[in-house]
Amino acid sequence: MRIAMIVLAAAAAQTFQSETWNFSLDETGKIARGFEAKVGTWRIEELGGNRVLAQQAKNEDEVFNVAFVAGSSACDCELSVRLKAVSGAFDQGGGLVWRARDEKNYYITRYNPLEDNFRLYKVEAGVRTQLATCDIKGDRAWHTLRVTMSGSHIECFMDGVKKLEANDGAFKNAGKVGLWTKSDAHTLFDDLTLTRKL
């Protein structure tokens, strides 16, 4: 389910729009309404009475699974999601994608409990370059990832704590937002929220 809200920030004299996708009304076994799977198998799963979007493909080690919010466009924005790593032999966890031109060009921040780290990358022509990293003890609990980008400045948060920061100008224009996993990572996602300037 998609929830949209426009917030007027009088002090800053700016208008922001927030949209949230929580999947509660989506049909299990199918991709969420308003999403497009570019790589991987993205399906709604039932979990304890709640519905979540899951990446289910068991792809090879170097495959990046990407699902976009169809028709989305954001440049300076804040993006967040709740995620839970379930399994994966090659890779686990996942993260957020923004300013995406397509499935081979975008920024991504991701949490990997198999490697015990949280990282920020850019992917250009399918090639991933690391921009920042930190060590985080991995587990199978729910975590909230959040990223903000203004101009070329990026900040990444995990469970409300800033962990990563970098500057990069590879993708200057507005692009799609979405979700990401690697290879065979079975990961659950919920409450994807985008806030952007209008």
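The values are calculated or read from the model by the stated rules, or taken from the named source; none is laboratory data. A quick note: this is a predicted structure, and the numbers were derived from the prediction, not measured. Every residue, glycine among them, receives a Cβ derived from its backbone with ideal geometry; neighbour counts consider all protein chains shown.
Of note:
- Out of Gly29, Gly49, Gly34, sole residue that is without any contact (Cβ under 8 Å) to a residue 40 or more places away in the chain, surrounded by fewer than 17 Cβ atoms within 10 Å (Cβ to Cβ) and out of contact with any strand residue (DSSP E or B) (no Cβ under 8 Å at 6 or more places or on another chain): Gly49
- Checklist (1) within 22 Å of Phe118 (Cα to Cα); (2) surrounded by 17 or more Cβ atoms within 10 Å (Cβ to Cβ); (3) touching a Phe, Trp or Tyr at 6+ places or on another chain (Cβ under 8 Å) applied to Asp61, failing item: (2)
- The listed residues are Phe90, Phe118, and the only one of them that is farther than 22 Å from Phe23 by Cα, part of a strand (DSSP E or B) and either touching an Asp or Glu at 6+ places or on another chain (Cβ under 6 Å) or modelled with pLDDT of 95 or more (or both) turns out to be Phe118.
- Residues within segment 20-41 that are of a type outside the set (A, V, I, L, M) and under 30 Å from Ser152 (Cα atoms), tallied: 8
- Set side by side, the residues Ala67, Ala54, Ala85, Ala89 differ, and just one is in contact (Cβ under 8 Å) with a residue 60 or more places away in the chain, farther than 28 Å from Asn173 by Cβ and under 13 Å from the mean Cα position of the chain (by Cα), which is Ala54.
- Residues (more than 17 Å from the chain's Cα centre (by Cα), touching a residue at least 40 places away in the same chain (Cβ under 8 Å) and crowded, with 16+ Cβ neighbours inside 10 Å) located in segment 115-144: Gly138
- Evaluation of Phe171 against the conditions (1) in a strand (DSSP E or B); (2) within 15 Å of Leu120 (Cα to Cα) shows that the sole unmet condition is (1).
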